[in-house]
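Each remark here refers to the structure printed beneath this line.
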Amino acid sequence: MKFNYNFLILFFITTCQLIGQGGIIKHEKSAYDSYTLFYLSDFNANGIIYTAYLVDNCGYVINEWVDIPRPRHHIRLLENGNLFYLTGDRFTSESHIYEFDWDGELVVDVEINESNFFLDYETIKLENGHYLCGARRTYGPEYFENIGFDPNDDNRETCDIIVEIDTAGTFVWEWNICDHVIQERNPQAPNYGSLKENPQLLNVDAIADFDWGTETFMINGFDYNSDLDQIALSLRKLGEVGIIDHSTTTLEAQGHTGGVHDKGGDFLYRWGNPQNYHRGTQEDRTLYFQHNPNWIKYGEHKGKLIVFNNNLNNPYFSFNDRYSSVEIFDSEVAADGSYAIDSVAAFSPLISDYSINNELTRVDFYSGYISGTQVLPNGHVLISVGGGPILEVDSFGAVVWEYDVLIPFRSEKYGLDYPAFEGKDLTSGRELFVSGVECKLFTSTAESEVDEHIDVVFPNPSNGQFQIKASFQSENYDFSVRDLNGNRIEFERTRTQLMLQNASSQLYILEITDRNNQRKYFQKLLVSI
């Protein structure tokens, strides 16, 4: 009998969230000026509840979505400000795609009830408004035997799929990983063939049984490239990232021809463990139970792929010396979206172009499960370590931002100019977890936007006491004051006066938020004592 590791992980993460949080550990001035999105679980009288948080770089809450249905597993923030994710239940075959607006109101609920089917892991909203989703279909032992699985292995129950769903819940495209398998164990069984001669197919006998075994290849994350119309998949139990063609029809995706590249639903490219198709050895393996492959959109590695390498069950590590890594590699995609491979060698490259880990860059982190990574617009790398912390690493391999929070899956960072924040109240609220570390917000506001200020208070300069102009005396305006290093300044405010406490002779920044019109105003304040 297989042990239920899913329950163990959920219990561990949930329990740890209740007994300790670290909050902000480090925030350097070079960190990406952004907000970070993640969700947490907690308990109330009715059981486990889930809340999504958006926090600033000092860990203060900008927005939260309270008591939402359990995400499964990754959440995103759309450009319209909606919280977006999917959820699915294997046992009830009930799945949903949710969108909650900025105020927490449910505005989209695409419900899917199809037997032996459930959504899983994550979804991406396409430009046509459809949803590209990870999912699974469940089958009996006969199905797996009929496609070449070993009949002595009766643990298999699900096949991973990628499905495109419209806003009405209709499936408009589907790709099933079990349509693209091979085995060379038994010439009398289906899908028999040479692994070396068919790198476009996946070996059913290479699936790892390190932990639970009901899944097949276990797609635990994916990304979509609209320029290539291709999908990058994390094949967790093979230790590989694979790329498939999205230009096919559903019928073509079931076979081996059709689509722009005439490969049908077969793999165009794969990387991380070439021994799976007999074009490498154990020493050539890089990935171990990885998560979150995605195309890099910014910086010196733009166009390459990045992936979080969990390094779970890596035979070259002792238990005490384990570490995870972030791997960046170049798939060397051609201008037409194809990938070169000859009849003998593996897909290139054999090793990654760049790696962030304890040995090479002295960034020490480890999580055997979940986790993720992405390259930010400033070229830094965000690393979501499953169970915490969240790290931002610069191009020199130095950690410039660290937030110790026990995330159940992974996080996302969004720049302050992300369209979702336009017209929203972005006033910082409470500090979610008090770390005791002094944190300064180094924002572009203090350096550029403030030059286009308006006069809200006078006299200016003053000794720290300012009169508020009549047009801003309404309680509809929120006031905040910082020094030029981003430190919050304590002040008292009445309807007509603003009084800075313990102010010294220097320049300050006054930020005013108009709650009615969802606008922000800025003014330089010069204190002369």
field: Hits in segment 456-477 (condition: touching an Asp or Glu at 6+ places or on another chain (Cβ under 7 Å) and surrounded by 15 or more Cβ atoms within 10 Å (Cβ to Cβ))
entry: 477
statement: Residue pairs qualifying under the 6 Å Cβ cut-off, at least six apart or on distinct chains, with the first in segment 500-529 being within 22 Å of residue 427 (Cβ to Cβ) and the second being among the aromatic types (Phe, Trp, Tyr) and modelled with pLDDT under 85, are 511/522; 512/521
Sole residue being assigned by TED's automatic domain parsing to the domain that holds residue 245 and either closer than 21 Å to residue 388 by Cβ or touching a Ser or Thr at 6+ places or on another chain (Cβ under 7 Å) (or both), chosen from 318, 324: 324
message: Criterion first (crowded, with 23+ Cβ neighbours inside 10 Å, part of a loop (DSSP other than H, G, I, E, B) and either among the basic types (Lys, Arg) or in contact (Cβ under 8 Å) with a residue 12 or more places away in the chain (or both)) does residue 303 satisfy it?
response: no
message: Any residue at all in segment 167-177 that's more than 33 Å from the chain's Cα centre (by Cα), in the same structural domain as residue 343 (by TED's automatic domain parsing) and surrounded by 16 or more Cβ atoms within 10 Å (Cβ to Cβ)?
response: no
- prompt: Out of segment 147-169, which residues are closer than 27 Å to residue 85 by Cβ and assigned to a loop (DSSP other than H, G, I, E, B)?
  reply: 157, 166, 167, 168, 169
statement: Filtering segment 242-269 down to residues that are free of Cβ contacts under 8 Å to residues at least 12 places away in the same chain and surrounded by 17 or more Cβ atoms within 10 Å (Cβ to Cβ) yields 258
- prompt: Do we find a residue being surrounded by 14 or more Cβ atoms within 10 Å (Cβ to Cβ), in a strand (DSSP E or B) and in contact with a Lys or Arg (Cβ under 8 Å, 6 or more places away or on another chain) anywhere in segment 135-146?
  reply: yes
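The values are calculated or read from the model by the stated rules, or taken from the named source; none is laboratory data. Since the structure is predicted, the reported quantities are computational estimates derived from the model, not experimental observations. Note that each Cβ is placed from the backbone with ideal geometry, even for glycine, and that neighbours are counted across all protein chains shown.
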